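The values are calculated or read from the model by the stated rules, or taken from the named source; none is laboratory data. Being a predicted model, the structure only gives us computed values, none of them experimental. Neighbour counts run over all protein chains shown; Cβ positions are idealised from the backbone, glycine included.
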Amino acid sequence: MNIPDTYLIDASIYVFKSYYSNQDYTSINGESINAVYGFTRFLTQFIHQTKATHIACAFDESLGTSYRNEIYPEYKANRDPAPDDLKRQFKLCQQVAQVMGIATYCDGYYEADDIIGTLANHHHDLGHTNHIITADKDLAQLIQGENDTWWNYGKAAAFNRQMVYEKFGVYPNQIADFLALTGDSVDNIPGVPGVGAKSAAYLLNHFKTLEEIIERHHEVSYLSFRGAKSCQKKIANNIDKARLAKKLTNIVLDVPLDSFNLSRKPLDENRIHKLFDYLKFGPLLRRKILELKNI
């Protein structure tokens, strides 16, 4: 049986990118839709290029409400609140994905990362090859199968397991531990102060896991890398902080989802034209979307 590849899109990244990089486009009501226009073009181009038949878009519902904020209130507290205009366009982007027949997910308690992780884990168990479409390195931890990829679409080639190792110095299953050590400034996760990427990679290549590093931290000072003695003290003094960081960097694989069906649904031309009339999308973009019926 031919098992199709699945394409799991971290949609919020491409909405943000479109919002801040596109020129102004407006709807029939004169409201800005620059993010919606760019996101629609991205989705259309992506499906034309990949011929994806099993695809999902996961959106972050909001900042400051996920279970990670219950664990660590400062999680992502360094980010400015999304403008109301962008929040409105997020909803429209979800509608675009839906009328294009794409499975669309969001949750107020779990993040898009966790939704993608759950979908990836489920489909891996069914024998699918997963392609994780994102620019966030934390999602590289979801690469499990031999042909799975982490793909910063439009910026770089798709990375397989070995290429992830070559880029970060650790394998995908070590990414959460790596970020727990180094911290992640994007998400305001402190990690172990003073432990950088090279030291973290060295430690994980030697000990394999964060927990093993913690359990055997007294051995770190005897390792042959620069600053090993001071690194040992940093770890010893920040064990609780490292374990907390691991809870934040680890992606959930069992989010309760209503459906795991990622088959692209038939296009509803009436809904497409009704939505695109409101968005004032021109004939060229509509034609490219309607061509998806043949893919």
Which helices (runs of 4 or more DSSP H) does region 182-295 wholly contain that include 1 or more residues that are within 28 Å of C93 (Cβ to Cβ), among the polar types (S, T, N, Q) and touching an Asp or Glu at 6+ places or on another chain (Cβ under 7 Å)?
239-249
Only one of D184, D177 that is surrounded by fewer than 22 Cβ atoms within 10 Å (Cβ to Cβ), in the same structural domain as K229 (by TED's automatic domain parsing) and under 27 Å from A236 (Cα atoms):
D184
For region 118-144, give me each residue that is touching a helix residue (DSSP H, G or I) at 6+ places or on another chain (Cβ under 6 Å) and surrounded by fewer than 17 Cβ atoms within 10 Å (Cβ to Cβ).
Q144
Only listed residue being within 24 Å of Y75 (Cα to Cα) and in contact with a Cys (Cβ under 7 Å, 6 or more places away or on another chain), chosen from V186, V195:
V195
So which of L279, L285, L257, L244 is in contact (Cβ under 8 Å) with a residue 12 or more places away in the chain, under 24 Å from the mean Cα position of the chain (by Cα) and assigned by TED's automatic domain parsing to the domain that holds S32?
L257
Exclusive hit being at pLDDT below 95 and β-branched (V, I, T), set I213, I295, I251
I295
From A112, A103, grab the single residue that is touching a residue at least 60 places away in the same chain (Cβ under 8 Å) and farther than 15 Å from D254 by Cα.
A103
Considering only residues that are in contact (Cβ under 8 Å) with a residue 12 or more places away in the chain and more than 29 Å from I175 (Cα to Cα), which ones fall in region 260-275?
S263, R264, K265, P266, L267, D268, E269, R271, I272, H273, L275
With region 48-141 as the region, which helices (runs of 4 or more DSSP H) entirely inside it contain at least 1 residues that are of a type in the set (V, I, T) and within 18 Å of the chain's Cα centre (by Cα)?
112-125
Does I28 satisfy the criteria of being buried (at least 19 other Cβ atoms within 10 Å of the Cβ) and either farther than 20 Å from A135 by Cβ or free of Cβ contacts under 8 Å to residues at least 12 places away in the same chain (or both)?
no
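Yes or no, residue by residue, for (1) touching a Ser or Thr at 6+ places or on another chain (Cβ under 8 Å); (2) within 21 Å of G117 (Cα to Cα):
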position: Y7; (1), (2): yes, yes
position: Y14; (1), (2): no, yes
position: Y25; (1), (2): yes, no
position: I28; (1), (2): no, no
position: I33; (1), (2): yes, no
position: F59; (1), (2): yes, yes
position: R68; (1), (2): no, yes
position: I71; (1), (2): no, yes
